[in-house]
1. Residue under question is Leu29, and the condition is that it be touching a helix residue (DSSP H, G or I) at 6+ places or on another chain (Cβ under 6 Å), without any contact (Cβ under 8 Å) to a residue 24 or more places away in the chain and over 25 Å from Arg108 (Cα atoms); does it hold?
2. Working only within the range 49-69, note down all residues that are part of a helix (DSSP H, G or I) and either open to solvent by 40 Å² or more (accessible area, probe 1.4 Å) or under 18 Å from Ala116 (Cβ atoms) (or both).
3. Out of all the residues in the range 1-60, which are of a type in the set (Gly, Ala, Ser) and within 24 Å of Thr79 (Cα to Cα)?
4. Being at pLDDT 95 or above and either assigned to a helix (DSSP H, G or I) or at positive phi (or both) is the filter here, so list the residues in the range 70-92 that pass it.
5. Does the range 74-87 hold any residues that are exposed (fewer than 15 other Cβ atoms within 10 Å of the Cβ) and not β-branched (Val, Ile, Thr), and which are they?
6. Looking at (1) open to solvent by less than 30 Å² (accessible area, probe 1.4 Å); (2) touching a helix residue (DSSP H, G or I) at 6+ places or on another chain (Cβ under 9 Å), which is the only condition Glu40 fails?
Amino acid sequence: MTADPTMARIGQGVDLHHHQGRPEAARELFAQIWDDIGGEQGDPLHVCVLAHSMADVQDDVRQELMWDLRALAAADQVTDEQVAQAGVSLPVVALYPSLHLNLGECYRKLGDLDRARDHLDQARAGIDALADDGYGRLIRGGLDRLADLLNSNNSSVTPPTKP
């Protein structure tokens, strides 16, 4: 349980999507939270986590990319102190591998394999920030799948599961 009420609400949306299979309900909740925090003018941690989560519930890859880019831009403004105050157990640097994985996957889906590879490389450069736990293994597995897809140059293969 997180100490930050906005982060808890975002967690409810993530649960709606990943555990209850209700992406539309998650998207509606995320949109409400987005309005409540003031959109991109909101707290950078909230913007980052919310945009990262909102990207996961998009049906259109261009919309997914837009949300993932917002998340990455916001991450650059987040401090470890903000993360700790929100009750999040990861340091800011540990956010980047997942952000870059998702951006790499978006670019792969769009056929921009050079940008996809660039984000894969950036994700791998920060992978040591992740623990050897379920989350770390999830991201590492996603990076391996993305690398395999990019190495095969087949952008029509089913994408890896989004973290």
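The values are calculated or read from the model by the stated rules, or taken from the named source; none is laboratory data. Here the structure is a predicted model, which means the values were calculated and not measured. Neighbour counts run over all protein chains shown; Cβ positions are idealised from the backbone, glycine included. What goes into the accessible areas is simple: the full protein's heavy atoms, side chains included, and nothing from ligands, DNA or RNA. Shrake-Rupley method; radii C 1.70, N 1.55, O 1.52, S 1.80 Å.
1. On the way: touching a helix residue (DSSP H, G or I) at 6+ places or on another chain (Cβ under 6 Å): yes; without any contact (Cβ under 8 Å) to a residue 24 or more places away in the chain: yes; over 25 Å from Arg108 (Cα atoms): yes.
Yes: the conditions hold for Leu29.
2. Going residue by residue through the range 49-69, those that are part of a helix (DSSP H, G or I) are 49-56, 61-69.
Hits for the range 49-69 are His52, Ala55, Asp56, Val61, Arg62, Gln63, Glu64, Leu65, Met66, Trp67, Asp68, Leu69.
3. Filtering the range 1-60 down to residues of a type in the set (Gly, Ala, Ser) leaves 3, 8, 11, 13, 21, 25-26, 31, 38-39, 42, 51, 53, 55.
Of everything in the range 1-60, those that are of a type in the set (Gly, Ala, Ser) and within 24 Å of Thr79 (Cα to Cα) turn out to be Ala3, Ala8, Gly11, Gly13, Gly38, Gly39, Gly42, Ala51, Ser53, Ala55.
4. Arg70, Ala71, Leu72, Ala73, Ala74, Ala75
5. Let us first name the residues in the range 74-87 that are exposed (fewer than 15 other Cβ atoms within 10 Å of the Cβ), namely 76-77, 79-81, 84-85, 87.
Correct list: Asp76, Gln77, Asp80, Glu81, Ala84, Gln85, Gly87.
6. (1)
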